[in-house]
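*Asks:* Let me begin by handing over the structure; questions about it come next.
What follows is calculated from the coordinates using simple rules that are stated; it is not laboratory data. Owing to the predicted nature of the structure, the values given are computational and were not obtained by experimental measurement. Every residue, glycine as well, gets a Cβ built from its backbone with ideal geometry; the counts of neighbours run over all protein chains shown.
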Amino acid sequence: MKLVVQVKLLPTPVQAAALEATLHACNEAASWASGVAFARDVKRNFALRQHTYAEIRQRWGLGAQAAQHTIKKTCDAYRTLAANLKAGNLGRPWSKRYRRAVEKPVTFRPEGAQPYDDRMLSWQITDRTVSLWTLSGRMKGVAFTASPEQLARLALYRKGESDLVARDGMWFLQATCEIPEAPLNTDPVAFLGVDMGIVNIATTSDGQIMAGRALNRGRLRERTLRTKLQKKNTPSAKRRLKKRGRKEARRAKDINHKIAKHVVAEAERTGRGIALEELTGIRERVRLRKPQRATHSSWSFAQLGAFIAYKAKRAGVPVVYVDPAYTSRTCAECGHIDKANRVSQAWFACRSCGFVDHADRNGSRNIRARAEELWRRGAQSTAPDPPPTPGRGTGRKRSITPSGARCASPGLQSRVR
């Protein structure tokens with residue numbers, strides 16, 4: 001399993017100037033290579049290298065490995081663009097956003113991240129220094145700071161490339177580490193249902209509500225301030241907008257990490273699996289009134305789900321995705337489904353049996369029940385999985401079950417069907 005460890009560099013002013021010049025040269029070369037790729041319609045690594053490699057080395061003075069990574073970075077950018085276009089993330093082909101993306105070449109920011117491999121970067125972890133290539137030559141003794149846990153991961157598991165990143169006058173290295181996975185718990189005693197929402201970010205089937213109204217009040221304050229700054233439209237207002245936006249994103253990410261860590265720890269402690277809703281594409285499916293759109297768009301359920309999935313994988317906790325349809329209208333006691341059961345945002349009252357509970361807790365109990373039912377169905381069958389159909393499903397990280405649930409670990413393919 002791959003994780004990214006970010007450490008902060010502490011360069012001297014001379015070292016920082018060399019790093020800045022290197023990033024600017026690499027990204028300027030990448031933008032030029034992107035223009036060549038766009039004009040010649042050559043967006044594969046080897047083919048683009050034939051058109052750009054010699055020019056990049058001569059014109060910008062990049063080393064062999066730096067030139068190779070710059071060209072590869074350009075090809076990866078076009079591959080990402082093609083994937084976003086295919087997935088519809090940039091709108092329909094006739095939309096302004098789609099046309100703006102395809103009618104001009106990809107460009108790179110002057111301080112965009114630059115990949116480094118082991119030929120360009122070496123770590124002295126005990127000394128907390130790195131040696132890395134720059135336009136001025138090999139720069140040794142660049143100090144960095146990291147927590148003891150990060151140092152241990154770097155020493156044991158670092159493998160592959162690292163990215164040099166500049167942000168707000170600070171310098172970072174993002175190193176890829178391959179962490180061994182814990183043995184998967186193939187016989188959980190039950191499941192912990194997690195209902196993800198807008199008012200309450202996460203509610204478990206144990207009745208615990210995490211990051212609710214206080215977080216949304218902070219988001220409302222940020223949105224109000226953002227509106228005022230956008231109206232000003234001055235250079236200082238734009239700088240402050242960018243700074244506030246990054247701060248809000250860091251805060252949301254920190255909260256999602258804490259929620260995910262708590263959920264996985266509770267499931268691991270009690271020997272349970274985790275049941276989540278399959279919410280992919282919900283923004284496209286749901287239609288909202290205008291006052292609700294900003295709140296709905298700031299709902300970072302995908303990030304929270306991804307954090308839970310990878311932390312569960314590290315801990316060996318199985319994660320099952322279930323269909324969220326009617327979980328908020330179904331009674332967790334008697335199974336009666338009625339739109340009138342949801343009397344308000346916060347409360348659920350069954351029209352059939354009279355059961356009353358917090359609406360999100362009732363939903364999480366339904367999610368838990370669906371996951372347990374799917375797990376029981378899979379446990380009854382000991383037949384091996386059929387071989388994948390060529391061209392369909394080969395190499396997928398998640399298995400699609402006939403019932404529509406997804407399992408986050410390939411090891412569960414024979415258990416959940």
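*Asks:* Work out, step by step, the length gained on full extension between Glu149 and His336: first 0.36 nm times the residue separation, then minus their alpha carbon distance; give nm to one decimal.
*Replies:* Working: separation 187, 0.36 × 187 = 67.32 nm, distance 4.93 nm.
Length gained between Glu149 and His336: 62.4 nm.
*Asks:* Using R₀ = 22 Å, calculate the FRET efficiency as 1/(1 + (r/R₀)^6) where r is the Cβ-Cβ separation of His262 and Tyr326; round to 0.05. Write out the running numbers ahead of the final one.
*Replies:* On the way: r = 27 Å, r/R0 = 1.25.
Once the sixth-power term is evaluated, E becomes 0.20.
*Asks:* Sticking with this structure for a sec: Using 7 Å Cα-to-Cβ label points, what is the Asp117/Ala182 separation (nm, one decimal)?
*Replies:* 3.5 nm
*Asks:* Evaluate the distance, in nm, between pseudo-label points positioned 7 Å from the Cα of Leu10 and of Arg100 along their respective Cα→Cβ axes.
*Replies:* Once both label points are built, they end up 4.2 nm from each other.
*Asks:* What's the local net charge at Ile56, with K and R +1, D and E -1, over the other residues with C-beta under 13 Å away?
*Replies:* On the way: positive: Arg49, Arg57, Arg59, Lys72, Lys73; negative: Glu28, Glu55.
Once positives and negatives cancel, what remains is +3.
*Asks:* Further question: Taking Rh as the Kirkwood radius, which is the inverse of the mean 1/r over Cα pairs, what is the Rg/Rh value for the stretch 2-178? Before the final figure, lay out each step's value.
*Replies:* Working: Rg = 17.6 Å, Rh = 17.4 Å.
Here Rg/Rh amounts to 1.01.
*Asks:* For Trp171, list long-range residues whose amide hydrogen, built 1.01 Å from N in the peptide plane, is under 5 Å from its own amide hydrogen.
*Replies:* Result for Trp171 returns Leu9.
*Asks:* Just how far, in whole angstrom, is the stretch 324-365 from the stretch 6-62 if you go by their alpha carbon centroids?
*Replies:* First find each Cα centre; the distance between them is then 57 Å.
*Asks:* Subtract the Cα-Cα distance of Ala17 and Asp206 from 0.36 nm times their separation in residues, and report this length gain in nm to one decimal. Don't skip to the answer; put the middle values down first.
*Replies:* Values: separation 189, 0.36 × 189 = 68.04 nm, distance 5.38 nm.
Computed gain between Ala17 and Asp206 is 62.7 nm.
*Asks:* Place a point 7 Å from the Cα of Asp76 along the Cα-to-Cβ direction; which residues of the stretch 94-128 have their backbone N under 16 Å from it?
*Replies:* Hits in the stretch 94-128 for Asp76 at 16 Å: 107-109, 111-121.
*Asks:* Now for a different question. At 7 Å along Cα-to-Cβ for each site, give me the label-to-label distance between Lys247 and Arg217 in nm.
*Replies:* Distance between label points: 1.8 nm.
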